[in-house]
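Everything below concerns the one structure shown next.
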Amino acid sequence: MNAELFLAFVLVAAALACTPGVDWAYSIAAGLRQRSFVPAVAGLCSGYVLHTALLVAGLAALLTGMPGVLGWITLAGAAYLMWLGVSTLRSWRAASFSAGTGNDGSTRLRTFLQGMGTSGINPKGLLFYVALVPQFVSAEASLPVPVQSGLLGLTFVLLAGLVYTAVALLSRTLLQSRPGAARMVTLASGVIMVALGAALLGEQLLPMFSEARFAGS
């Protein structure tokens, strides 16, 4: 691979992974509530592994060329994020951030799947891979383009995993002994999830309403 392009990608990917968003919100909540935050971080990373596999297989570019399919994926992702956010908001007042609870197998699996859904069903992640990764692939490199794409995608997964682990650890260290602050963070996490879900929903519905109004005029 082109060393300069790879280094540039690492810098950009690290900056994006360090940008607070719904993944951060989920990592913080898991760091406060669970004995182990590993299932949550693993779930988030697995969602991006899925995006990497789609990119390597060429399906990501195909889906972005099908606005109808991508639109339904976006609506599903928006609905999921809003549901997850509302579930967080409903329990923030009575939140009990004990690292000694919620460590059974079913809870770990649910935490993993929710994390995977948070990153995997988010069309923003799919578009990130389609729009960003190809810019750092070199046709002159010795490795085939699909291999380069896969390595870049997995590099982002690694960076994201490190960042989300640090976020979960810091949230546990700084907030577990401060119930009031922890509740406010949980409230903010729920608001972020709902807001991002609403934004995704608006991106799909507003153009539809505009087209319908234009067609009716």
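The values are calculated or read from the model by the stated rules, or taken from the named source; none is laboratory data. Since we're looking at a predicted model, the values are computed, not measured. Using ideal geometry, Cβ is built from the backbone for each residue, glycine included, and neighbour counts are taken over all protein chains shown. These accessible areas exclude ligands, DNA and RNA; they are computed on the full protein's heavy atoms, side chains included. Shrake-Rupley method; radii C 1.70, N 1.55, O 1.52, S 1.80 Å.
Do we have Leu174 as free of Cβ contacts under 8 Å to residues at least 24 places away in the same chain, farther than 19 Å from Leu16 by Cα and in a helix (DSSP H, G or I) here?
So Leu174 fits the description; yes.
Scanning region 105-140 for residues that are of a type in the set (Ser, Thr, Tyr) and either assigned to a helix (DSSP H, G or I) or closer than 25 Å to Gly197 by Cβ (or both), we see that the one that is modelled with the lowest pLDDT is Ser106.
For region 8-26, does any single residue satisfy the condition of being part of a loop (DSSP other than H, G, I, E, B), within 21 Å of Leu143 (Cα to Cα) and open to solvent by 20 Å² or more (accessible area, probe 1.4 Å)? Quick ask: steps written out before the conclusion?
Restricting attention to region 8-26, the residues satisfying the condition of being part of a loop (DSSP other than H, G, I, E, B) are 18-21.
This time we only want the ones that are within 21 Å of Leu143 (Cα to Cα), so: none.
No, there is no match, as no residue in region 8-26 is part of a loop (DSSP other than H, G, I, E, B), within 21 Å of Leu143 (Cα to Cα) and open to solvent by 20 Å² or more (accessible area, probe 1.4 Å).
Close contacts from region 179-207, counting a first residue that is over 15 Å from Val22 (Cβ atoms) and a second that is modelled with pLDDT of 75 or more and small (Gly, Ala, Ser), with Cβ to Cβ under 9 Å and a gap of 6+ residues or different chains, come to Ala182/Ser171.
Would it be correct to say that Gly153 is modelled with pLDDT of 85 or more and surrounded by 21 or more Cβ atoms within 10 Å (Cβ to Cβ)?
Details: modelled with pLDDT of 85 or more: yes; surrounded by 21 or more Cβ atoms within 10 Å (Cβ to Cβ): yes.
Taking the combined requirement at face value, the residue satisfies it.
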